[in-house]
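Student: Here it is: the structure, laid out below.
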Amino acid sequence: MVDERPSCFGIPEYCMPRDENRIIQPQENCRFCDHLRECLQTAIAASGGVEKLKADSRSESEKSFESEKSEDPGGIVGAILRWSERKRNAQKGGTK
C-alpha cells in the first residue's frame with residue numbers, strides 16, 4: 001500500500017504552530033484532512049509529548065503574568081490586578 005499521507009504529516013511547526021501568545025493554533029486546511037488525528041498525535045510525540053506541551057504552556061503563561069505584573073498598571077486595572085493578587089495569596093494561605 002502506498003503511503004498517502006501529506007508531506008506536512010506530523011511536523012509540529014506546520015500542523016500545530018503557536019501564535020504570538022505561544023498558544024497552539026490548528027491550521028484551517030488541516031481540519032478536513034483524513035489523517036488529522038494521527039498527524040496531531042505524531043506531532044505531539046515529536047514535540048516531546050503532552051506533558052512537555054503542558055509544561056511549556058504553563059511556563060509561558062507564568063512568564064506572561066510576570067511581565068504584566070512588572071508593568072504595574074495604574075487606575076482601575078491596577079486595582080483589580082492588586083485585588084486579584086491578594087485574593088490568590090489568601091487562597092494559597094499567604095498574607096493579604
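Student: Answer yes or no as to whether Arg18 is modelled with pLDDT under 85 and among the basic types (Lys, Arg). First the steps, then the outcome.
Tutor: Details: modelled with pLDDT under 85: yes; among the basic types (Lys, Arg): yes.
Yes.
Student: Hey, another quick one. Any idea how many residues of the range 1-21 are touching a strand residue (DSSP E or B) at 6+ places or on another chain (Cβ under 9 Å) and in a loop (DSSP other than H, G, I, E, B)?
Tutor: Of the residues in that region, 2 qualify.
Student: Okay, next question. Out of (1) of a type in the set (Gly, Ala, Ser); (2) modelled with pLDDT of 85 or more; (3) out of contact with any Pro (no Cβ under 9 Å at 6 or more places or on another chain); (4) in a helix (DSSP H, G or I), the odd one out for Ser70 is which?
Tutor: Condition (2) is where Ser70 drops out.
Student: Within the range 22-34, does at least one residue satisfy the condition of being among the charged types (D, E, K, R), surrounded by 12 or more Cβ atoms within 10 Å (Cβ to Cβ), at pLDDT 75 or above and not in a loop (DSSP other than H, G, I, E, B)? First the steps, then the outcome.
Tutor: Filtering the range 22-34 down to residues among the charged types (D, E, K, R) leaves 22, 28, 31, 34.
With surrounded by 12 or more Cβ atoms within 10 Å (Cβ to Cβ) added as a condition, the list becomes 22.
Now restrict to residues that are at pLDDT 75 or above: 22.
Remaining after also requiring not in a loop (DSSP other than H, G, I, E, B): none.
No, that holds for no residue.
Student: Please specify each residue of the range 1-39 satisfying the condition of being among the polar types (S, T, N, Q) and touching a helix residue (DSSP H, G or I) at 6+ places or on another chain (Cβ under 8 Å).
Tutor: As a first pass, look at the range 1-39 and keep what is among the polar types (S, T, N, Q): 7, 21, 25, 27, 29.
Hits for the range 1-39 are Asn21, Gln27.
The values are calculated or read from the model by the stated rules, or taken from the named source; none is laboratory data. Computed from a prediction, not measured in an experiment: that's the story for all the values here. Because the Cβ atoms are built from the backbone with ideal geometry, glycine has one as well, and the counts that use them run over all protein chains shown.
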